[in-house]
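The values are calculated or read from the model by the stated rules, or taken from the named source; none is laboratory data. Computed from a prediction, not measured in an experiment: that's the story for all the values here. All Cβ positions, glycine included, derive from the backbone under ideal geometry; neighbour counts span all protein chains shown. Heavy atoms of the whole protein, side chains included, go into the accessibility calculation; ligands, DNA and RNA do not. Shrake-Rupley method; radii C 1.70, N 1.55, O 1.52, S 1.80 Å.
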Amino acid sequence: MKTLKQIILTLLCAMAFVACKNESKETSTNSKPEQTAPSEKKSGQAFIKDDEAKPTVLHIAIGSKDHTTLVAAVQAAELENALVNAGPLMVFAPTNEAFAALPEGTVENLLKPENKDVLANILKYHVTPGRYSKDFLKKFKKLGQANNGYVKVEVTDGEPLIGGAKIIASIPAGNGIVHVIDKVLLPPAE
């Protein structure tokens, strides 16, 4: 009798297993295929939508009405993905007014495709590894920049000046910090 119970139990388990397997097949064959968006020219981590993480230095700039010129320059130089890396990154972000203070036609000229490398070099001169507060920056004499150059740090009236630019705001980011500055930093001529 024990053998009959074991046979019935085995048959029931086998039937349940087959039923589950068939249901799984039906679900997968009856479900609609996933729709994928047409591929865009831009790809990489910078273009992934994430509503839960703390904004990156790039997303802080994108969300600022005072940094539309900077964002346009970052896009023209195709540096978006670099600014969403784990970091930490310290970005010295010139305002629209700072870009407007450059000689007439400078920004328009830099945004041309043939000047992409020059623009990228200038933008990388605004990025430093690290996440230092405005006060901590007073301890430095120079900072190593992402373009392999150095920017001078001076303290005037108790305030750090980065390449002569005043920090007017500091915004923590998920991958570093954005220091809003009042001047565009230009790397020294080689």
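Let's see how each residue does on (1) over 20 Å from Ile168 (Cβ atoms); (2) modelled with pLDDT under 95; (3) not charged (D, E, K, R):
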| site | (1), (2), (3) |
| --- | --- |
| Ala101 | no, no, yes |
| Gly105 | yes, yes, yes |
| Lys124 | yes, no, no |
| Phe136 | no, no, yes |
| Phe140 | no, no, yes |
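Scanning the range 51-63 for residues that are open to solvent by 30 Å² or more (accessible area, probe 1.4 Å) and either outside any helix (DSSP H, G or I) or farther than 18 Å from Asn175 by Cα (or both) yields Asp51, Glu52, Ala53, Lys54, Pro55, Gly63. Ala37 passes every criterion in (1) in a helix (DSSP H, G or I); (2) hydrophobic (A, V, I, L, M, F, W, C); (3) modelled with pLDDT under 80 apart from (1).
Per-residue answers, yes or no, for (1) of a type in the set (D, E, K, R); (2) more than 23 Å from the chain's Cα centre (by Cα):
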site: Phe92; (1), (2): no, no
site: Ala98; (1), (2): no, no
site: Ala101; (1), (2): no, yes
site: Gly105; (1), (2): no, yes
site: Leu110; (1), (2): no, no
site: Gly130; (1), (2): no, no
site: Asp157; (1), (2): yes, yes
site: Lys183; (1), (2): yes, no
site: Ala189; (1), (2): no, yes
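The single condition among (1) part of a loop (DSSP other than H, G, I, E, B); (2) of a type in the set (S, T, N, Q); (3) open to solvent by less than 20 Å² (accessible area, probe 1.4 Å) that Thr128 does not meet is (1). Looking across the range 131-141, the residues that are closer than 23 Å to Val74 by Cβ and either assigned to a strand (DSSP E or B) or open to solvent by 40 Å² or more (accessible area, probe 1.4 Å) (or both) come down to Arg131, Tyr132, Lys134.
Scanning the range 142-150 for any residue that is surrounded by 16 or more Cβ atoms within 10 Å (Cβ to Cβ), at pLDDT 95 or above, among the aromatic types (Phe, Trp, Tyr) and in a loop (DSSP other than H, G, I, E, B) turns up nothing. Check Glu159 against each of (1) more than 24 Å from Thr56 (Cα to Cα); (2) crowded, with 16+ Cβ neighbours inside 10 Å and name the one condition it does not meet. Failed condition: (2). A single member of Ala189, Ala82, Ala93 is of a type outside the set (Asp, Glu), within 24 Å of Lys54 (Cα to Cα) and either surrounded by fewer than 14 Cβ atoms within 10 Å (Cβ to Cβ) or modelled with pLDDT under 95 (or both), and it is Ala82. For the range 65-77, what are the residues that are open to solvent by 30 Å² or more (accessible area, probe 1.4 Å) and either closer than 16 Å to His179 by Cα or touching a helix residue (DSSP H, G or I) at 6+ places or on another chain (Cβ under 7 Å) (or both)? Once the filter is applied, which keeps residues that are open to solvent by 30 Å² or more (accessible area, probe 1.4 Å) and either closer than 16 Å to His179 by Cα or touching a helix residue (DSSP H, G or I) at 6+ places or on another chain (Cβ under 7 Å) (or both), the range 65-77 yields Lys65, Asp66, Thr68, Thr69, Ala76. Is it fair to say Ile168 is surrounded by fewer than 18 Cβ atoms within 10 Å (Cβ to Cβ) and closer than 17 Å to Thr69 by Cβ? Yes: the conditions hold for Ile168.
The set of residues from the range 106-117 being open to solvent by 80 Å² or more (accessible area, probe 1.4 Å) and assigned to a helix (DSSP H, G or I) comprises Glu108, Pro113, Glu114, Asp117. Out of Ile122, Ile177, one residue alone is part of a strand (DSSP E or B), surrounded by 14 or more Cβ atoms within 10 Å (Cβ to Cβ) and in contact (Cβ under 8 Å) with a residue 40 or more places away in the chain. It is Ile177.
Considering only residues in the range 96-105 that are aliphatic (A, V, I, L, M) and in a loop (DSSP other than H, G, I, E, B), the one that is surrounded by the most Cβ atoms within 10 Å (Cβ to Cβ) turns out to be Leu102.
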